[in-house]
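This report refers to the structure that appears directly beneath it.
Values in this text are rule-based calculations from the coordinates and carry no lab data. What you see is a predicted model; the values in this text were computed from it and never measured. Note: ideal-geometry Cβ built from the backbone for every residue, glycine included; neighbour counts use all protein chains shown.
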Amino acid sequence: MRKGSDNKGEAGGRKGVLSKGRVYSVVSYMVAKALAGRMEVVDVLYEHFVKDASPSVLERRYPLTKMQIRGYMQRIMEKTRSRTLARLIIERSYKHVKNIKPIIRHVQEGLCRCIICGDDIFCDAADEHVRNVHRALVDEYTIAVMKLMAREILSESHPHESGGG
Ligand SMILES: [Zn+2]
């Protein structure tokens with residue numbers, strides 16, 4: 001059995017990077033939004049934390065209220081407790097999260113359908129459905145995105161060792 005102890009400094013002795021740490025928590029949040037077809041939330045988080053756009057500016061550009069936008073930002077800050085960390089994670093994960101195909105389809109005004117289980121749900125409850133019913137899928141995508149992020153960071157620090165594949 002391998003003892004993963006390379007995660008020093010974290011309170012409570014976490015198992016490793018891929019367990020529920022702060023990076024995982026933020027990426028997982030964005031992945032769930034993407035799977036739920038709420039890509040505008042992913043965009044707003046990127047615009048705010050990476051491009052420094054204010055909630056007032058974002059409110060005019062996206063179909064979201066300032067209060068909703070502040071709510072999403074607050075969720076990220078609760079998870080990271082650091083603006084710098086939030087920026088870093090979102091900057092690194094954004095393009096990979098953007099590649100995720102939603103599993104929720106819009107059917108009619110306010111009504112959506114999950115293409116995995118076929119359930120009809122209110123669009124407002126779409127990301128809740130994704131997180132609760134398809135948790136395993138969210139975890140799978142989160143780990144995939146984190147691996148891509150790690151690979152990129154490694155290839156940047158050792159540009160000559162990055163082979164294709
Ligand atoms: Zn479903």
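Where the only charges are on Cβ atoms (+1 Lys, Arg; -1 Asp, Glu), what is the dipole of the stretch 22-157 about its Cα centre, to the nearest 20 debye?
Values: 23 positive and 17 negative charges, 84 e Å.
So the dipole magnitude of the stretch 22-157 works out to roughly 400 debye.
Classify the stretch 22-157 from the C-alpha gyration tensor, please: rounded if a/c falls under 1.5, else prolate or oblate depending on whether a/b exceeds b/c. Oblate, since a/c reaches 1.5 and b/c is not below a/b. Remark: the stretch 68-77, residue by residue, has Karplus-estimated 3J(HN,Hα) of 4, 4, 4, x, 5, 5, 4, 4, 5, 5 Hz, where x stands for each Gly or Pro and the curve is 6.51 cos²θ - 1.76 cosθ + 1.60 at θ = phi - 60°.
Do the alpha carbons of any pairs in Lys66/Lys95; Lys33/Lys98; Lys51/Lys95; Lys66/Lys98 sit beyond 19 Å of each other, and which pairs?
Working: Lys66/Lys95 24 Å; Lys33/Lys98 10 Å; Lys51/Lys95 14 Å; Lys66/Lys98 23 Å.
In this structure, Lys66/Lys95; Lys66/Lys98 exceed 19 Å between Cα atoms.
Per-residue Cβ neighbour counts within 10 Å put Val107, Val26 in the sequence Val107, Val26, beginning with the fewest. In order along the stretch 139-155, the Karplus-derived 3J(HN,Hα) couplings, from 6.51 cos²θ - 1.76 cosθ + 1.60 at θ = phi - 60°, round to 4, 4, 5, 4, 5, 4, 5, 5, 5, 4, 4, 5, 4, 5, 4, 5, 5 Hz, and Gly and Pro are given as x. For the stretch 22-157, averaging the sequence separation of C-alpha pairs within contact (under 8 Å, six or more residues apart) and dividing by the residue count gives a relative contact order of 33 percent.
Shown here for the stretch 64-165: GluC sites (Glu not before Pro) in loop regions (DSSP other than H, G, I, E, B) with at most 12 other Cβ atoms within 10 Å, namely Glu109, Glu161. Sorting Ile104, Ile121, Ile89, Ile143 from the fewest to the most surrounding beta carbons within 10 angstrom yields Ile143, Ile121, Ile104, Ile89.
Here the 3J(HN,Hα) profile of the stretch 25-42, calculated from phi with Karplus coefficients 6.51, -1.76 and 1.60 at θ = phi - 60°, is 4, 6, 4, 4, 4, 5, 4, 4, 5, 5, 5, 7, x, 9, 5, 5, 5, 4 Hz, Gly and Pro shown as x.
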